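Any read-out appearing in this document is the output of simple, stated calculations on the displayed coordinates, not a laboratory observation. Since we're looking at a predicted model, the values are computed, not measured. Please note: Cβ atoms are built from the backbone with ideal geometry, for glycine as well, and neighbour counts cover all protein chains shown.
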Amino acid sequence: MAPKFFVGGNWKCNGTTEEVKKIVTTLNEAEVPSEDIVEVVVSPPFVFLPLVKGLLRSDFQVAAQNCWVRRGGAFTGEISAEMLLNLSIPWVILGHSERRSLLAESNDFVADKVEHALSQGLKVIACIGETLEQRESGSTMSVVACQTKAIAEKIEHWENVVLAYEPVWAIGTGKVATPAQAQEVHSELRKWLRDNVGPEVAATTRIIYGGSVNGANCNELAAQPDVDGFLVGGASLKPEFVDIIKSATEKQR
Ligand code: 13P
């Protein structure tokens with residue numbers, strides 16, 4: 001059986017209290033496929049997590065956009081996995097390319113964060129993806145395999161991991177990967193998981209696509225056999241996020 005479709009909305013560093021309330025109202029009023037068909041997780045900035053958690057419909061979940069690599073303590077400015085759990089935040093996004101590039105988060109550091117978050121009971125959306133330069137030099141697969149390997153070496157259980165393939169050149173650029181490009185990398189990633197972790201993990205781990213997904217391109221991408229959902233940036237702040245959630249029905253065809 002195909003894994004359940006997953007749609008994540010990464011709000012990044014956007015929003016005021018009023019804007020956040022408006023987005024949540026739109027989501028709460030939306031008619032979407034049932035929880036059996038699609039899992040929806042939205043990720044507001046830390047400061048809005050309790051507000052969103054309190055207002056959001058109960059069939060949608062929330063995620064933090066990052067968390068610290070170890071237990072809390074003397075780490076000014078950081079938020080620990082334990083704090084997220086204390087607020088009943090079930091998910092966290094880790095290894096987003098914006099943090100990998102701007103804050104120099106290495107593969108090992110991201111993997112350590114994934115390991116710690118899982119060990120504390122969080123579910124993790126782990127992001128990987130190649131730059132334009134890496135794609136053009138033909139190293140896409142070796143880059144994403146290396147990023148995945150760093151994580152695979154540190155964790156044993158994959159039930160609480162969603163792998164988000166987000167090509168850096170497609171993020172926030174309006175340049176979406178073609179369905180064929182997304183399918184190619186997703187199927188290679190699944191093969192990598194099969195060969196290096198195991199057939200069960202390969203069959204059940206959701207591999208979702210991120211990078212300029214919108215209401216107009218989501219259906220064709222969702223129809224690809226190895227695309228198990230999306231991680232959406234810009235469009236997750238707009239009403240068209242509802243259309244992206246509905247693209248889960250492509251898998252029912
Ligand atoms: P965009 O959808 O704005 O390209 O961002 C994708 C992303 O980075 C999601 O994590």
Inset, instruction - Mind giving me the nanometre distance, one decimal, between the label points for T25 and E156, set 7 Å out from Cα along Cα→Cβ? - result: 4.9
Inset, instruction - For K149 and E82, calculate 0.36 nm times their separation in residues minus their Cα-Cα distance, and state this gained length in nm to one decimal. - result: 21.6 nm
Legend entry - Likely footprinting exposure, R57, R190, fewest C-beta neighbours within 10 Å first: R57, R190
Legend entry - Burial ordering of F75, F6, fewest other beta-carbon atoms within 10 Å first: F75, F6
Legend entry - Positive dipole terminus of segment 39-101, leading residue within A63, G95, F48 (C-beta point charges): G95
Inset, instruction - Report, in whole Å, the centroid distance computed from the Cα atoms of segment 215-234 and segment 100-127. - result: 24
Legend entry - Cβ-based charge dipole, the chain, positive-most Cα from G72, F109, A203: G72
Legend entry - Taking S139, S80, S106, S97 and counting other C-beta atoms within 10 Å, the order from fewest to most: S106, S139, S80, S97
Inset, instruction - Rank-order 85-93, 171-179 by packing density, defined as the average count of other C-beta atoms within 10 Å over each peptide's residues, highest first. - result: 85-93, 171-179
Inset, instruction - List the GluC sites (Glu not before Pro) within segment 102-199 that fall in a DSSP loop (any state other than H, G, I, E or B) and whose Cβ has at most 10 other Cβ atoms within 10 Å. - result: E156, E159
